[in-house]
Amino acid sequence: MKQKRFVGNDYEVAVIWSDRISFSPHSHDEYVLSHNISGHERLKLDRVKIDAPQGSTTFYNPGQIQSGDGADFIVSIYLSTTFFQSAQIFNGTFEFQKPLICDRKIGRLFRNLISLGFDQDASPVIDETILTIIDHTSCRGIASHTVDKSIALTSVAMKAQKILLSNIDTELSLTELSAQMAIDKVSLVRAFTKETGVPPMTWQRAKRIELARDLLRKGFSPSDVAYRAGFADQAHLTRWFARSYGITPARFAKKQ
C-alpha cells in the first residue's frame, strides 16, 4: 500500500492507493471523511455493513469502529476534535449523522485535494477546499453544526475582495482573513464562493497571477514581478503562471 500524507492546522489528508486496500477493525480519535476514487469497498461501521461504491464518500465520528476492504484508491481527511473550535464554524457539538453519500460535488472537491496535496504552495487552497467539503456535508444533512446563515453574501464578498486586493503581495490565510472580517471561515468561504464562483484564496491567487501578467507586459523582469505580486520566488511564480497561461513568465515577457 502506498500513500502520500500532508498535514495542516488540525487536519491531515492522506492519498492512499494499492491493488487492494484493506483495513482491519480500528477506530480514530479524529473525524474521518474518506472518498473512494476507485474500487468497490465493503465496510463495517460499528458492526453495520456498508457498501461504498466508486465515487462514494464515507464519514466516521471519533471512536467508531470501522473496517474495510475492496477499494484501490482513496482520499481521506482526518479532522482533529479541535478543528471546529479553531475554525470557529459551529456552536455546540459536531457529528456526522449519515455514514455514506454519493455526491458529485464532494467527489470533485476530493479529487482536487489529490493534485493540491502534491503542490507545496497550495496550503491555503487545501484549507478552503476542506471547509467547502464540511459546508456541503452540512447542507446535505450529513453533518450537523451551526453557522451564521443571516450574513449578507454580497457585502461579505465585497469586503473580502477589498482586503485581498489591498494585500495582493501577501498570501493571507483564511484564519487571518476571517479574523479581519469577524466572520467564521465556513460562512466566509460560502458567501464568497456564492458571489464570485471561487473561494477567497483561489480568487486572490488568480488576481496575483493577473497582476504578474500586467507587470510582465510593462517590462518588469520575472524575478521583480515575483516579488511585486507576492510570490515566494521566481520558481513559485513560474509554476502558477504556466498553469494559468500555458507559458512561463520568461517566455511571456520575451513575446511582449
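Read the figures in this text as sums done on the coordinates, not as results from a lab. These figures come from a predicted structure and were not determined experimentally. Backbone-built Cβ (ideal geometry, glycine too); neighbour counts: all protein chains shown.
Once the Kirkwood radius over Cα pairs is known for the range 148-256, the Stokes-Einstein relation at 37 °C and 0.692 mPa s delivers a diffusion coefficient of 224 µm²/s. Remark: the Ser18-Gln54 segment gains 11.5 nm on full extension, using 0.36 nm per residue and subtracting the alpha carbon distance.
Here the gap between His28 and Glu210, fully extended at 0.36 nm per residue and compared with their Cα-Cα distance, gives a gain of 61.2 nm. Listed cross-link partners Lys49/Lys185; Lys105/Lys162; Lys185/Lys254; Lys4/Lys44 are compared with a 31 Å cut-off, the Cα-Cα value being larger for Lys49/Lys185; Lys185/Lys254. Under 5 Å from the amide H of Gly8 lie the amide H atoms of Val13, each residue being 5 or more positions distant or on a separate chain, with H modelled from the backbone and absent for Pro and chain starts. Dividing the helix sum by the residues of the chain, where each DSSP H run of 4 or more adds -39500 (n - 2.57), gives a mean residue ellipticity at 222 nm of -13500 deg cm²/dmol.
With a Förster radius of 51 Å applied to the C-beta separation of Cys102 and Tyr227, the computed FRET efficiency comes to 0.65. Proximity of backbone amide H atoms, modeled 1.01 Å from N, is registered between Ser56 and Asn36 at under 5 Å, excluding neighbours fewer than 5 places apart on the same chain.
Each Lys and Arg contributes +1 and each Asp and Glu -1, all at the Cβ; summed about the Cα centre of the chain, the dipole is approximately 1040 debye. Cβ-Cβ distance of Thr175 and Asp46, R₀ of 51 Å, FRET efficiency by 1/(1 + (r/R0)^6): the value works out to about 0.90. In sequence order, the range 28-45 has phi-based couplings of 10, 7, 9, 6, 10, 10, 10, 9, 8, 6, 8, x, 10, 9, 10, 10, 10, 10 Hz under the Karplus curve 6.51 cos²θ - 1.76 cosθ + 1.60, θ = phi - 60°, and Gly or Pro positions carry x.
Legend: calculated FRET efficiency, Arg217 to Ser166, from the Cβ-Cβ distance at R0 = 30 Å, rounded to 0.05, equals 0.85.
For the chain, the equivalent ellipsoid derived from the Cα gyration tensor has semi-axes of 36, 23, 14 Å, listed largest first.
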